[in-house]
Amino acid sequence: GAGVSQSPSNKVTEKGKDVELRCDPISGHTALYWYRQRLGQGLEFLIYFQGNSAPDKSGLPSDRFSAERTGESVSTLTIQRTQQEDSAVYLCASSLAPGVSTDTQYFGPGTRLTVL
Amino acid sequence: AQSVTQLGSHVSVSEGALVLLRCNYSSSVPPYLFWYVQYPNQGLQLLLKYTTGATLVKGINGFEAEFKKSETSFHLTKPSAHMSDAAEYFCAVSEDSGYSTLTFGKGTMLLVSP
């Protein structure tokens, strides 16, 4: 596809369950970012992948959050033992040339996670 | 550390009126500045960005923004609002740290009335 895709679009889960969110970046984009958007808030950076470099995990809010990326393709964000405060829209973005001034992040439609 | 402040969580204008969405930033180094728009149930779409050069930046859909270093501002404007402009607008900043992690403001919802 032409854009960033994410699945599922909506996920409702019970407190304490684990969830996996998927992101398919634009083909050829070396950089991939995960953000969290809580109701009424801006986007919070979670994690960044660039090629085969070690990911920047500085934004992950707790050790219940983890993410993986295989090469320069799909990424999975996993939240273990979900809590109600994890309810948010999780957005994925990809970009072609991070660190270059003309680089632009392209965002997917997001996954809306609701923890009951 | 960088931060972004957007004044007003909601801005209401009439169709045809001037749109002004305010954004102030703090950054320890020359910033890159962005405006994104988010339509309901959609992802963020880039409206415009400032990197270097001309401080008045023109974007899509008739929007423009001016980088004012002395005021640490990057306000978004459009001369005449359309109903289709109703959406949430996010200002963001990044620093040239080797990659482009964005710090976002909390967003401003633009409401356009007939």
So the pair-distance distribution of chain A, from every Cα-Cα distance in 5 Å bins, comes to percents of 2, 13, 23, 26, 19, 10, 5, 1, 0
Listing A:Y48, B:Y25, A:Y33 by rising number of other beta-carbon atoms within 10 angstrom, fewest first, gives B:Y25, A:Y48, A:Y33
Checked region B:23-69 with the C-alpha gyration tensor, a ≥ b ≥ c its square-rooted eigenvalues, rounded below a/c of 1.5, otherwise prolate if a/b is larger than b/c and oblate if not; verdict oblate
With a Förster distance of 41 angstrom and the Cβ-Cβ distance between A:D18 and B:A54, calculated FRET efficiency to the nearest 0.05 equals 0.25
Between B:Q42 and A:L96, the FRET efficiency computed from the C-beta separation at R0 = 30 Å comes out, to the nearest 0.05, as 0.90
Diffusion coefficient in µm²/s returned for the protein assembly as shown by Stokes-Einstein, Kirkwood Rh over C-alpha pairs, 4 °C and 1.567 mPa s, is 71
A:N52 and A:T104 label points (each 7 Å along its Cα→Cβ direction) are spaced in nm at 3.1
Cβ density ranking, 10 Å radius, fewest first, applied to A:R64, A:R81 yields A:R81, A:R64
Taking r as the C-beta separation of A:E68 and B:V29 and R0 as 45 Å, the FRET efficiency to the nearest 0.05 is 0.90
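How high is the relative contact order of chain B, given as a whole-number percent (alpha carbon pairs under 8 Å, six or more residues apart)? Mind showing how you got there, number by number?
Working: 286 pairs, mean separation 42.8, N = 114.
It rounds to 38 percent for chain B.
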Label model pair A:E44, B:S9: point-to-point distance (7 angstrom along the Cα→beta-carbon line) in nm is 1.6
For A:K57, the net charge from surrounding residues (Cβ-Cβ under 15 Å; K, R +1; D, E -1) works out to -1
Taking every residue of A:105-113, the Cβ atoms of other protein chains inside 10 Å of its Cβ average out to 4
Quick shape summary for chain B, equivalent ellipsoid via Cα gyration tensor, semi-axes whole Å in descending order, reads 24, 14, 12
Using alpha carbon centers only, region A:5-47 is separated from region B:1-57 by a whole-angstrom value of 22
For A:K11, counting only lysines whose alpha-carbon sits under 24 Å away and dropping same-chain residues fewer than eight positions off, the answer is A:K57, B:K106
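Readers should treat all values here as calculations from the given coordinates under stated rules, not as data from a laboratory. All figures in this text were calculated on a predicted structure; none of them were measured in a lab. Quick reminder, even Gly has a Cβ in these numbers, built from the backbone with ideal geometry, and neighbours come from all protein chains shown.
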